[in-house]
Every structure is written in structure tokens, then in C-alpha cells.
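Some notes on the structure that comes next.
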Amino acid sequence: MTARFPPRAPDPRKAGIGLRTAHFEALARSRPALSFLEVHSENYFADGGPSLAWLERFRADHAVSLHGVGLSLGSADPIDREHLARLARLAGRIEPALVSEHLCWSSIGGEHLSELLPLPYSEEVLAHVCDRVASVQERLGRKILVENVCAYVRYASSTIPEGEFVAEVARRTGCGVLLDVNNAWINSVNHGTDAMRFIDALDPSTVGEIHLAGGEVTADGLVDTHGAPVFPEVWALFEKAIARLGAVPTLVEWDVDIPELAVLLAEAAKADAILASSIERASRKAAA
Amino acid sequence: MTVTEGLARLQAQFAAAVLGEDGAGFARHLAGDAGAGLRRLAIYRNAILANRRRALRAAFPVVARLVGDGFFDEAALRYGEACPPGGADLNRYGATFAAFLAAYPHAAAMPWLADVARLEWAWHESLAAADAPGMDFAALSRVPEGEQPGLRLLLHPSVRLVRSAWPVLSIWEANQPDRDGTPDREDGADDVLVWREAQRVLLARLAPPEAAFVDAVARGLALEEAAGITDAWDFTPMLQRLALHGMLCGFSTGDRVPA
Amino acid sequence: MNPKRALIRSALAGVVAIGLGQVAVSNAAEGEPAAGKEKCYGIAKAGQNDCGTATHACAGLARKDNAPDEWKYVAKGTCTKMGGKLNPPRGK
């Protein structure tokens, strides 16, 4: 198939932003320099119409990341082949730089729960998830990234620490990892674990993208709302993460109560500054 | 027990605990403090219901405005129980919401509500319908006169016809964000043509013979049959209107179904 | 030629004249998204799936009982204004 768009890759030294309908006009007018734009894949599953026309227009200027919320990689239900076919069609049309999904489940018995639900981390589930990641990669004809999710509950049947589980999925299937630093932080606070131990378990060469986001403090623990500025502790953890992983394309997620484009760009600029100082430290270290 | 059987059982129990009544029974599957675990399960329940509700609100803004928040949220909850999403894409959730409202006892006093929902779903579908190349008018001009009565016209994938015994278009228009909710008509039927033009969804009220003609074309009837749907009525202006607004995108002659 | 066939012939001739640009035509259905033609980009709905990766923080608000407050079944929107006024359809 001949390419319809110039090949573009995210700049690991720069953050990207989520592309949201509310910002279409402003982005088209101001055309800021951005590492990449990320969309929720399912929002562009339409057969035609303005959503796709807009996305194609932005794709001409930017690298695009397709971030799926619905493939249900860890479900006991069979993979939804129609959903996967729509994802493949979109990827063929947009030529994205990155395609990612979540390490979670969301459908059972044909009913979709519209939420990223946690998996038990056991050898059996690991094998099941790896089979499915491999089959998705085969169908799409490309590598995908899998993201660690926020788990508000943990299972008694889990036997593998989350970091090792994620790392093993990548090792066995050749997929990459989308490290969500906010999810790692929230899980560590809610369950009294060590977020850096989770990150240390990952093979740096497999981490293809980082997510940051804001959340909310509630009586039942931290909740990943994507509707607030990034927690200071998450910025600090991000800094430690890239000190270990090197600069990685980074995205600040903001999905509800979406602010003005300028607020989003300011959060991205904060990530840029941390990425830049990390790169500088690394090069000083190399020179010394 | 195979891996997927064990996982399927756990996931089915999770779903039942979160959406059904048996929350406490799931505690044995959770690690750590059971009380905290069960309270956090409610986070999932809340998120799932909120995501479904938001999706319906986005697809049915006029219905939501007509009935108000409390009523809409309750109807959304009951609809989710009766017809949970069968796919992961929430943009396609709500196809049967109009049918649900038609049978919803608490909406019985608003017999037009389900038809308003049908119109909103038609709008929603039209926006996301496939793009299609325009009609090849040069080829159309070469169809021999003898074959013209047998012509079948193909409508653009975004075209929908919503026929209602109620003034649904007036209600829809009155409940757009810049209007105060008072419809300009309070009785009479509305046949509404829905289509996408220059990436916008447009609506137009059709006269009864116009609607009958469009319906006949949409059903794939030959032009001669479609034109004969209503006697002594000239379909020319309606046909030209379809052409003018890009609603014709192909044709076939003879018995072949247009492709 | 019978009158209906004559009508079909003349109607098609009119449609072809519109389609071939011999009659002024409004924008085509697919409005070319060329640079500088902002108006061709119409309304794209906000994506329903955007909430899929976020989680609502108000856990305590979820209701599980089957006996909700009665007020939830009473329409409180603009329909109350026109509820009694809309007339039943004629002939149905």
C-alpha cells in the first residue's frame, strides 16, 4: 500500500497532547509545534464524515498516536474481530506512529462494561494475554504498545508483581510498553506498593511512550480522573522514570473537564522542560 | 478447567458484583482489606454507569433537555440494564434507545419522545456514515431513454428519512441550544429528511408525497415505480433537490441493485 | 410516449444539468477539506470514548437499589412546558 502521509515519528524530547474535538479549530489555526497528537482510536471508527476528515488533516502535519480503550486484551471473551477490523482500517487510513491498548479487560459474556478493569497477574493470565497481544499484532501487521492500568482492587489470585507481568508480556510478544506514570503512582499509594519498583522491572528498551495525568484524592484513595493537573508527586516520579529509561515520547492526558488549549500546552511544556533537563544530565554524565 | 474458563468465571463474578446486587460475595476474590476493596469496587460501578450515561447524553441531547437530568439518568440506567453495550465503541451505543423509550412506562405521557430519539439517532448515524463519491452525471446522461423508467438511484450513505406522527422537527429545532424549548407547531406529523452535506448534518421537513418518493428511492424501487407512488404529483423538484444537495451517489439500470 | 415516461425524461435531464454544473450547485456532500476552506469542516461530535480511560471520582454516589426516588421518573425538562399542549396525531 502506498503511503498517503509523510512518515512522522514523535520527538522523544518533546511532549505530545491529546487531540480533542473542543480544540480542533484552535489547533488548526495556531498549528503549534507538537511531538505528536494522540486520539482514542474508537472515536475515529466512523465510516466517514467530519471526525475522520479532521484527523486526516492533522495527520498531514503531525505524528499521530492511536490509543485504544476497547480491545479488551485480557478478556475471557474472544477478541472482537469487528472491533479489531475497524482498528486495522483506521490504522491503514491514518498511518499512525504509535498504536496502543490497555492491559486490562472490559467485556464478558458479550456485555461491554466501558471501563478498564484490572486483571489477576498469574501465569495462566499472562499466557492468555500474550496470545492475544500476538494475535492483535499479527492482524495489524505492526507492533503495539500495552499500557499498565489503574487497579482500584487487587486479586487474591495474583502471583506475579505487576511490573514483572508487564515486562514479561513485552518480552514474550515483542510488543512495547506504554508506561502510565500516574497509574503506577496511584496503584502504589492505594495499595502501599513501590512505584519505582514497578518501573525498575521494565526493560527500558521496550518503553515506547509515557502517560501523565491528573487525578483526585477521595476517601477511598486516589482516583485517576484525567480531569485535573498532574500531581506534583507524579512529576517527581516521571523525572525518576526518565532518568532510568531515557527520554520517551510523553503525553499529558486530559479527558474530562477539558481546559483551554493553552492550559494543555502549558502542561506539555512542563513535561518538555523535565525531558530537556534529563537529556542534558545524561549527556553531561556521558561526557564526564 | 481451562485458563479462559477460570478467567471467564472471575470476570462474570466481577461484573455481577459491580453491576448487580452481590457485591459482598466478591470479597473472597480480593487481596488486602476486604472493606476497602468492596468500597473501591463501587468506583468501577460508578465509572461504568457514568460512561454509558454520558454516551447517551452525547447522542440524545434533545431528549435529555426535554425530560431533564433526573429522568434522563434514570432512563439511561434502566436502558443499560435492559440493553447493555454489545461493543466497546460507545459512539455506537444507543441504537435501540428510541425503542426502549417507546416502551418505557414513565415516558407514556410523552408519546412523541421516542420519535425525537429516532430523529437524534438518525442525525448521529448520518454524521458518521461512509463518505461516497458523487453521482457520475455524465454516465447518467447516457442512459438510453428506454432504460430510464427502470433506473434505480442510490442515495448517499448519510441519508435517513424519519417519519413521525408528531411534530418532531419542530420539537428538535425548539430544543437546540439557542432556543427556549417552545416549538413553533404543536400538532401535525413530520417527515424529516436527514443528510450530511459539506460535513454537516442537515434536516429538512418533507411534504407527504416527497417523503413517499424518497422512501421509495431508498427502498431501491425503479424510478417509474417511485414516481407513481403518489398520483398527479410531480417528483421533479424533489429529485432535483436530492441532486442539488449531493444526496445521489450512483444508479443502476435493469434489475441490478445499485452498488 | 406516455406522460409519465416524458416526465421521467425531463426530470433526469434537469438532474443531469444540475450535476454537470449547468445549474448552480451547493457544496458537494463531501466538501473538499482543502487548506483555507475552514467552513468545509463541520461539526464533529465530541468522542464518547474519551471517558473510557478516565474514572469518575464520586464512588459513593452509585445507587444499587431497585426502588429509586419517585422524582426520577418525573420529567423536569422543557417537555413539562409543552407536555399537555401537544395534540395527539390525527387519524391514528
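In segment B:148-191, burial by the other protein chains removes 30 Å² or more of 1.4 Å probe accessible surface, compared with the chain on its own, from B:GLN148, B:PRO149, B:ALA165, B:TRP166, B:GLU186, B:ASP187.
The accessible surface of chain A, taken with every protein chain in place and a 1.4 Å probe, is 54 percent carbon and sulfur. Applying the criteria of a DSSP loop state and at most 14 other Cβ atoms within 10 Å to the trypsin sites (Lys or Arg not before Pro) of segment B:28-67 yields no site.
The label point for A:PHE5 and the one for A:ALA28, both projected 7 Å from the Cα toward the Cβ, are 1.6 nm apart. Helical runs (DSSP H, four residues minimum) scored at -39500 (n - 2.57) apiece and divided by the length of chain A put the mean residue ellipticity at 222 nm at -13500 deg cm²/dmol.
Here the gap between B:ALA108 and B:THR96, fully extended at 0.36 nm per residue and compared with their Cα-Cα distance, gives a gain of 2.6 nm.
Taking the DSSP beta bridges with both ends in chain A, the antiparallel portion is around 20 percent.
The residues of segment A:207-229 occluded by other protein chains by 10 Å² or more of accessible area, set against the chain on its own, are A:GLU216, A:THR218, A:ASP220, A:VAL223, A:ASP224, A:THR225, A:HIS226; surface from heavy atoms, 1.4 Å probe.
Think of a 1.4 Å ball rolled over the protein heavy atoms: segment A:15-287 then has 33 Å² of accessible area per residue. The H on the amide N of A:HIS211, modeled in the peptide plane, is under 5 Å from the matching H of A:LEU179, A:ASP180, A:VAL181, A:LEU251, each at least 5 residues off or on a different chain.
If R0 equals 56 Å, the separation of the Cβ atoms of B:ARG28 and A:ARG244 corresponds to a calculated FRET efficiency of about 0.90. Between A:ALA269 and A:ALA201, the modelled label-to-label distance comes to 3.8 nm, taking each label 7 Å out from Cα in the direction of the beta carbon.
FRET efficiency for the A:ARG171 to B:ASP69 pair, using the beta carbon distance and R₀ = 56 Å, is estimated at 0.70. Placing +1 on the Cβ of every Lys and Arg and -1 on the Cβ of every Asp and Glu, with nothing else charged, gives segment B:63-148 a dipole about its Cα centre of roughly 160 debye. Given +1 on the Cβ of Lys and Arg, -1 on the Cβ of Asp and Glu, and no further charges, what dipole in debye does chain A carry about its Cα centre, rounded to the nearest 20? My answer is approximately 1240 debye.
Within segment B:1-110, the ratio Rg/Rh, alpha carbon atoms throughout and Rh by Kirkwood, equals 1.06.
Computed about the Cα centre, the dipole magnitude for segment B:1-110 is approximately 240 debye when only Lys and Arg (+1) and Asp and Glu (-1) carry charge, each at its Cβ. The residues of segment B:1-110 expose on average 38 square angstrom of accessible surface per residue, using a 1.4 Å probe on protein heavy atoms. Across segment A:251-288, no residue has a backbone nitrogen under 18 Å from the label position 7 Å along the beta-carbon direction of A:GLU233. Dipole orientation for segment A:15-287: of the candidates A:CYS130, A:ILE17, A:ILE160, A:ILE17 has the Cα lying most toward the positive pole (charges on Cβ; Lys, Arg +1; Asp, Glu -1).
Note on segment B:115-259: with neighbouring protein chains present and a 1.4 Å probe, carbon and sulfur make up 52 percent of its accessible heavy-atom surface. Taking every DSSP helix (H) stretch of at least 4 residues in chain B, weighting each as -39,500 (n - 2.57) and dividing the sum by the residue count yields a mean residue ellipticity at 222 nm of -14500 deg cm²/dmol.
The values are calculated or read from the model by the stated rules, or taken from the named source; none is laboratory data. Bear in mind the structure is a predicted one, so any value in this text is a computation, not a measurement. Positions of Cβ are generated from backbone atoms using ideal geometry, with glycine treated the same way; all protein chains shown enter the neighbour counts. Heads up: the accessible areas ignore ligands, DNA and RNA and are worked out on the full protein's heavy atoms, side chains in. Shrake-Rupley method; radii C 1.70, N 1.55, O 1.52, S 1.80 Å.
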